[in-house]
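These notes concern the structure reproduced below.
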Amino acid sequence: MTKKVWGFLRETAEKATYDDIHHPDITGLKRTGLEEYLKVIFPKTDDWVHNKVFGKGYQIRPDYRSDSLKLIIEFDGLQHYTKPSEIEKDDKNTKIYESFGYKVVRIPYFIQLTNKTVEQMFGVKVKEPLFDGKIPSLSISNSPAYLCPAGLQRMAEEFVKFPEQYEVNRQALRKANNPYLSGVELLEKAVNEILKK
């Protein structure tokens, strides 16, 4: 049996395939849809609903929802860090979901689902090796340099929760040797400010 190679996270397998064809990654690593990860993280859960309207009177569509787990999972792509209106909307939606008793897990585009990350986010230990945490997910094309101030702050706050992934990505951005396009200095400053508190 061939060992599965877990790729960079995308919201769906369909989007992962599209990106693999139209935007191949320079590392050669494929992308993996979130629903593929969910099958391994929650193998007994079969009631996932993707992108369907939530609750009566709301026009919000969580990426994935399981009523049996009372869990909503949102994959937050780059646009959730470049537009203050998106950041505000995410905060409001999270509060709505929580008011209905759901736990909300937001997965930033720059945090990959390693075994350690899955355990931290979901409280689940997966025996199968998942994404290799030594592979950076940030590059010049999706770096902190393109984020709005609120998005940069949000990124820094997320990276503080996942220090190993921060360090791998920080080093990759430093290695790019282009502080203007990498925004690595901005990210380091934001993370250091949080760590000082």
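The sole residue among E164, E119 that is farther than 20 Å from L71 by Cα and acidic (D, E) is E164. Scanning the range 1-29 for residues that are among the hydrophobic types (A, V, I, L, M, F, W, C) and either at pLDDT below 75 or in a loop (DSSP other than H, G, I, E, B) (or both) yields M1, V5, W6, I26, L29.
For the range 131-169, a residue qualifies if it is surrounded by fewer than 21 Cβ atoms within 10 Å (Cβ to Cβ), more than 16 Å from I194 (Cα to Cα) and touching a residue at least 60 places away in the same chain (Cβ under 8 Å), and the qualifying residues are D132, I135, S139, N142, Y146, C148.
The criterion of at least 2 residues that are at pLDDT below 95 is met by the following helices (runs of 4 or more DSSP H) wholly inside the range 92-197: 179-182.
Inspection of the range 44-56 finds no residue satisfying the criterion of being over 17 Å from the mean Cα position of the chain (by Cα), within 25 Å of E167 (Cα to Cα) and either at pLDDT 90 or above or not basic (K, R) (or both).
Among the listed residues T45, T32, identify the single one that is of a type in the set (S, T, N, Q), crowded, with 17+ Cβ neighbours inside 10 Å, closer than 30 Å to K134 by Cα and touching a residue at least 24 places away in the same chain (Cβ under 8 Å). The conditions single out T32.
The values are calculated or read from the model by the stated rules, or taken from the named source; none is laboratory data. Since the structure is predicted, the reported quantities are computational estimates derived from the model, not experimental observations. Note that we place each Cβ from the backbone using ideal geometry, even for glycine, and neighbour counts take in every protein chain shown.
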